[in-house]
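The block underneath contains the structure these notes are about, expressed in structure tokens.
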Amino acid sequence: MRRYLPVVLISVGAFLVAAALVLRFFGSAQLAVAEEDPREMTTMRASGATVFVPSTQTEITSDVTVKQYTVGDLEAAKKAPGRVVVWFTATTRLTAEGVIVQQSMARTAMDASTGKAEPCCESFAEVVDQAIEEDRRTGLVLRFPFGTEQKSYEVWDSTLGKEVKAAYRGTTDVEGVSAYRFEIEVADTVVGSQKVNAKAVGLAADGDVSADRTYGVDRTLYVEPRTGAILNDVQDVRDRLTIDGEPVRTLFAGKLAYPDEQVQANADKYGERATTLQRFTVQIPAVVLMLGLLGLLAGLVTARMLRGRSRR
């Protein structure tokens, strides 16, 4: 019976080594993917922001809340290639009095692992009461990749209409969760033009005049690196109408960020997911690999010992 022991030990060891490799690489690929149907509400707030209210055609100073509801578009996802998820987002910007300032919606197809936008599934991005344009989004839209690295990434800016660089600026703690900090700087840039009533913007002329829309932002993103989830998003936004470089109307000027309760909820949720990923893609495979190597070693040593005894 003892002569079969080396074979058993080596077989078990080889199986455990193979299992460890499967867990490390195949298991990681299965776990490190975005949800098909997240069903989550994200809130941002700005205190004392200046905002233009279309319904009254006035600028006011008010606390502003932005609510974004995200669900999986499972019907559209049926047309998606492998490892692509499709999310539908509805976003509403409101004043402290509950007056709706802006609404938008989007269907976003993205790689479930890298988070990069994918051109499929009739994706679109629309601001309500404005013309729908062809979806040209590229780069990262709603999340960072699983296994986010300490490097710069290209992130889509919907107002600018192109990718901007999110530069890695270090690691920090967010409610007990280690996060990577990325910064985006967009200098004031003309992004379009629109007709406005001259007298409504303080000009003496009659009728309408053309004004440039000038937009800039300083944005800081705090990302949990294992899951690629955004724990906090701080945006100092400057969105104005200008004529000959002079501001004539503020569309929005304020500092948006996740409130404390949203940051805490994100840290709790994605900190736990990061721990689960760590456990199943690193810790458990490492233990199984160690046991497998010990089994192989024990099998080889046992075989050598038995061979030595048989020669006596």
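The values are calculated or read from the model by the stated rules, or taken from the named source; none is laboratory data. Computed from a prediction, not measured in an experiment: that's the story for all the values here. Here the Cβ is made from the backbone with ideal geometry for all residues, glycine too, and neighbour counts use every protein chain on show. When the accessible area is computed, the model is the full protein with side chains, heavy atoms only, and any ligands, DNA or RNA have been set aside. Shrake-Rupley method; radii C 1.70, N 1.55, O 1.52, S 1.80 Å.
So for the stretch 164-187 (the condition being under 23 Å from F88 (Cα atoms), in a strand (DSSP E or B) and not small (G, A, S)), does at least one residue qualify? Within the stretch 164-187, one or more residues are under 23 Å from F88 (Cα atoms), in a strand (DSSP E or B) and not small (G, A, S). Against the test of being free of Cβ contacts under 8 Å to residues at least 40 places away in the same chain, among the β-branched types (V, I, T) and assigned to a loop (DSSP other than H, G, I, E, B), the options T92, T138 yield a single qualifying residue, T138. If we scan the stretch 115-124, do we find a residue that is among the acidic types (D, E), assigned to a loop (DSSP other than H, G, I, E, B) and in contact with a helix residue (DSSP H, G or I) (Cβ under 7 Å, 6 or more places away or on another chain)? So far as the stretch 115-124 goes, yes, one or more of its residues are among the acidic types (D, E), assigned to a loop (DSSP other than H, G, I, E, B) and in contact with a helix residue (DSSP H, G or I) (Cβ under 7 Å, 6 or more places away or on another chain).
Scanning the stretch 188-211 for residues that are open to solvent by less than 60 Å² (accessible area, probe 1.4 Å) and not in a loop (DSSP other than H, G, I, E, B) yields a count of 7.
Results for (1) surrounded by fewer than 20 Cβ atoms within 10 Å (Cβ to Cβ); (2) assigned to a helix (DSSP H, G or I); (3) under 24 Å from the mean Cα position of the chain (by Cα); (4) modelled with pLDDT of 95 or more, shown as yes or no for each residue.
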position	(1), (2), (3), (4)
P247	yes, no, no, no
T250	yes, no, no, no
K255	yes, no, yes, yes
E261	yes, yes, yes, yes
D268	yes, yes, yes, yes
R273	yes, yes, yes, no
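Just one of the listed residues (E183, E175) is closer than 30 Å to D212 by Cβ, open to solvent by 30 Å² or more (accessible area, probe 1.4 Å), of a type outside the set (A, V, I, L, M) and modelled with pLDDT of 95 or more, and it is E183. Here R309, R219, R240, R226 are screened, and the one residue that is at pLDDT below 90 and open to solvent by 40 Å² or more (accessible area, probe 1.4 Å) is R309. Remark: pairs (first residue in the stretch 69-83, under 12 Å from T108 (Cα atoms); second residue surrounded by fewer than 12 Cβ atoms within 10 Å (Cβ to Cβ); Cβ separation under 6 Å; 6+ apart in sequence or on different chains) = V71/R39.
All told, A117 falls short of being crowded, with 17+ Cβ neighbours inside 10 Å and farther than 28 Å from T214 by Cα.
Kindly indicate whether T220 is of a type in the set (S, T, Y) and in a strand (DSSP E or B). Criteria met by T220.
For the condition of a type outside the set (S, T, N, Q), farther than 23 Å from Q235 by Cα, open to solvent by less than 50 Å² (accessible area, probe 1.4 Å) and assigned to a helix (DSSP H, G or I), A109 does not qualify. Selection of the stretch 57-100 for residues being among the β-branched types (V, I, T), open to solvent by 20 Å² or more (accessible area, probe 1.4 Å) and either closer than 30 Å to G202 by Cα or over 17 Å from the mean Cα position of the chain (by Cα) (or both) yields T58, I60, T61, T65, T92, V99, I100.
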